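The values are calculated or read from the model by the stated rules, or taken from the named source; none is laboratory data. All values derive from a computational prediction rather than experimental measurement. Neighbour counts run over all protein chains shown; Cβ positions are idealised from the backbone, glycine included. Accessible surface areas use protein heavy atoms only, side chains included; no ligands, DNA or RNA. Shrake-Rupley method; radii C 1.70, N 1.55, O 1.52, S 1.80 Å.
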Amino acid sequence: MKIGFIGLGNMGAPMAANLAKAGHTVTGFDTAAVSVDGVTMAASAAEAAKGQDVVITMLPNGAILRAVANEIIPAMDEGTGFVDCSTVDVESARAVAEQAASAGLLPVDAPVSGGVGGAEAGTLTFMAGGSADAFAKAEPLFEIMGQKAVHCGDSGAGQAAKICNNMILGITMIGTCEAFALADKLGLDRQKMFDVVSTSSGYSWSMNAYCPAPGVGPKSPADNDYKPGFAAELMLKDLRLSQQAAEAADADTPLGEAATRLYEQFVENEDGLGRDFSAMLPRFEKRHRT
Ligand code: NAD
């Protein structure tokens, strides 16, 4: 296929490189001067999008996605797939999909889980929203860049799945970290705590697969001085999107709100910026009951 790829940052660059490695012809654009193995760079987003079978975007937020969409949609031929893999607000995802569909394109919102490691290894999970035809057009590319793609429903459903998943993740990571800090103060050995919880009803991905305690459980960013991994500020971005969506949909999400406030404090007023989101554990360790 001929593929346009716009937004070649930490995630986009390895995803585009994997598509090129699989034999597709990839033309890329990024506002920063970047070069990616096997990808021909274009002078503008519109140029990268012109004459392609599928155009993929991997951008920082909804406002930038809307601006790029305005630029590229008129350049794309009818029937072209438009796959946005960025994590953005549900409203922007739906607005861009509507604009693309009315221009005769096949839009899919397809945010990912799996981080930079998953992007490099081609093992991302895609959660996709859009028509069956649009999903079918994008699916062979999901198979190269990832290990699983779930068609979640109509436009916006991919973003909805992503922010609900990450709201659970933020809440369970905080719960796991505060429980470790409590266990410390109760004199419970961390390894014993892990051995019990990871095989009891308190288990979760945060405990079992990404344990925030150094030296306990499988290798995780805690074992690498909390270098991300998944940075606390990215968790904050996703939690804020969950609260924006909850507000718009009139959903009561008290723990999602509390998690958002805690990550906000951690990133903006404490030492959370640039650290892994599991560094909530050393944060709780230092604190006392207020
Ligand atoms: P990044 O900041 O490394 O990359 C974004 C890229 O977009 C940058 O290279 C930037 O120069 C480019 N860009 C900005 N404005 C542009 C424009 N108008 N035209 C073209 N290019 C433009 O971010 P990332 O870590 O690659 O994340 C991309 C998206 O993926 C985000 O929405 C993020 O929330 C999501 N995501 C990231 C991770 C992760 O672990 N990094 C995991 C899952 C999802």
*All positions within the stretch 250-290 that are touching a Ser or Thr at 6+ places or on another chain (Cβ under 8 Å) and assigned to a loop (DSSP other than H, G, I, E, B)*: THR253
*asked:* Could you check the stretch 59-84 and list, in sequence order, the residues that are within 10 Å of the ligand (Cβ to nearest atom), open to solvent by 10 Å² or more (accessible area, probe 1.4 Å), part of a helix (DSSP H, G or I) and not charged (D, E, K, R)?
replied: ALA63, ILE64, ALA67, VAL68
*Quick one: would you say GLU47 is among the acidic types (Asp, Glu), within 15 Å of the ligand (Cβ to nearest atom), open to solvent by 40 Å² or more (accessible area, probe 1.4 Å) and under 25 Å from SER102 (Cα atoms)?*
yes
_Filter the stretch 137-168 down to the residues that are free of Cβ contacts under 8 Å to residues at least 60 places away in the same chain and either among the aliphatic types (A, V, I, L, M) or not in a helix (DSSP H, G or I) (or both) and list them by number._
GLY146, GLN147, LYS148, ALA149, VAL150, HIS151, CYS152, GLY153, ASP154, ALA157, ALA161, ILE168
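Using the structure shown, decide if ALA246 is touching a residue at least 40 places away in the same chain (Cβ under 8 Å) and open to solvent by less than 60 Å² (accessible area, probe 1.4 Å). Steps first, please.
On the way: touching a residue at least 40 places away in the same chain (Cβ under 8 Å): no; open to solvent by less than 60 Å² (accessible area, probe 1.4 Å): yes.
No.
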*Test for MET145: is it buried (at least 22 other Cβ atoms within 10 Å of the Cβ) and within 27 Å of GLU257 (Cα to Cα)*: no
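For every residue, the table says whether it meets (1) at pLDDT 95 or above; (2) open to solvent by less than 40 Å² (accessible area, probe 1.4 Å); (3) under 20 Å from ALA245 (Cα atoms).
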residue	(1), (2), (3)
ALA100	yes, yes, no
VAL108	yes, yes, yes
GLY118	no, yes, no
GLY122	yes, yes, no
ALA132	yes, no, no
